[in-house]
Amino acid sequence: MAVFRGSKFAGNVRFGRVIFAGYAGFGGATFHRNAWFNSAKFGGKTWFDEASFGGKAEFGEASFGGHARFNAAEFGGKPRFGGAKFGDDAGFGGAKFGGNARFGAASFGGHAGFDGTNFDGNARFDGASFGGNAGFDDATFEKVASFRAMDGNKAFSLAGVVFNALPDFI
């Protein structure tokens, strides 16, 4: 178990390739600069609820074995979840993405919840796969929302979504 709830990281921080065997709690943590979690392995429940990322938030190729929650998290830089594997439910409800958000080739094994999420930059889900239901209800996309070559055989809900630029589903 690793608990960083409410911690403040003033400089860059690297957790890339770190293995978190059990619960990993970063709820309410503040990352003032860049945070690298690429290729990290989260074995249990992972909470980043209400965390704040001032710089890059790199989660590319990370794997989440249990529930992963980023509800109401704020991403000021360019968050990257490309190639990340979410084995169970993933929650991003009410999160705010200030820069371009990249989820290309990410894999969601359970429910993927993006309800009420705000994407200020481009949002790319190209090649993402959804094994469970995906919800984007009441989300706002200020720029390009791209879902090219997306794979999913469950419910995909976009009720009440605001697209302020061209959405791409081809």
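The values are calculated or read from the model by the stated rules, or taken from the named source; none is laboratory data. These figures come from a predicted structure and were not determined experimentally. Glycine gets a Cβ as well: all are built from the backbone with ideal geometry, and neighbour counts include every protein chain shown. What goes into the accessible areas is simple: the full protein's heavy atoms, side chains included, and nothing from ligands, DNA or RNA. Shrake-Rupley method; radii C 1.70, N 1.55, O 1.52, S 1.80 Å.
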Potential lengthening between HIS32 and ALA10 on full extension [0.36 nm per residue; Cα-Cα distance subtracted]: 7.4 nm
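Restricting everything to alpha-carbon atoms, can you work out Rg to Rh for the stretch 14-98 with a Kirkwood hydrodynamic radius? Don't skip to the answer; put the middle values down first.
Values: Rg = 11.3 Å, Rh = 12.3 Å.
Across the stretch 14-98, the Cα-based Rg/Rh ratio is 0.92.
Report the extension gain between LYS143 and PHE169 in nm, rounded to one decimal, defined as 0.36 nm multiplied by the number of residues separating them, less their alpha carbon distance.
Full extension of this stretch gives 7.9 nm more.
To the nearest 20 debye, what charge dipole does the stretch 64-152 have about its Cα centre, counting +1 at the Cβ of each Lys and Arg and -1 at the Cβ of each Asp and Glu?
On the way: 9 positive and 10 negative charges, 82 e Å.
Value, rounded to 20: 400 debye.
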Those lysines that a straight Cα-Cα span of less than 24 Å connects to LYS85, excepting residues fewer than 8 apart in one chain: LYS41, LYS45, LYS56, LYS96, LYS154
With a probe of 1.4 Å, find how much accessible area the stretch 91-143 has per residue, and write the answer as a whole number in Å². 31
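Hey, with R₀ at 30 Å, roughly what FRET efficiency would ALA159 and ASP126 work out to, going by the Cβ-Cβ distance, to 0.05? Please list the in-between numbers first.
Details: r = 22 Å, r/R0 = 0.74.
The value I calculate is 0.85.
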Might you work out the accessible area of ASP120 for me, using a 1.4 Å probe with all protein chains in place, and round it to the nearest 10 Å²? 70
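Over the stretch 4-54, with the other protein chains present, what is the accessible area per residue in square angstrom, probe 1.4 angstrom? Don't jump to the answer; show the numbers that get you there.
On the way: 2550 Å² over 51 residues.
With the other protein chains kept in place, the stretch 4-54 gives 50 Å² per residue.
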Using a 1.4 Å probe over the heavy atoms of the protein chains, calculate the carbon and sulfur portion of the accessible area of the chain as a whole percent. 49
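Using only the Cα atoms of the chain, what semi-axes does the equivalent ellipsoid have when each is the square root of 5 times a gyration tensor eigenvalue? Give whole Å, largest first. Provide the component values of the computation, followed by the final result.
Values: eigenvalues 115, 62, 37 Å².
Its equivalent ellipsoid spans semi-axes of 24, 18, 14 Å.
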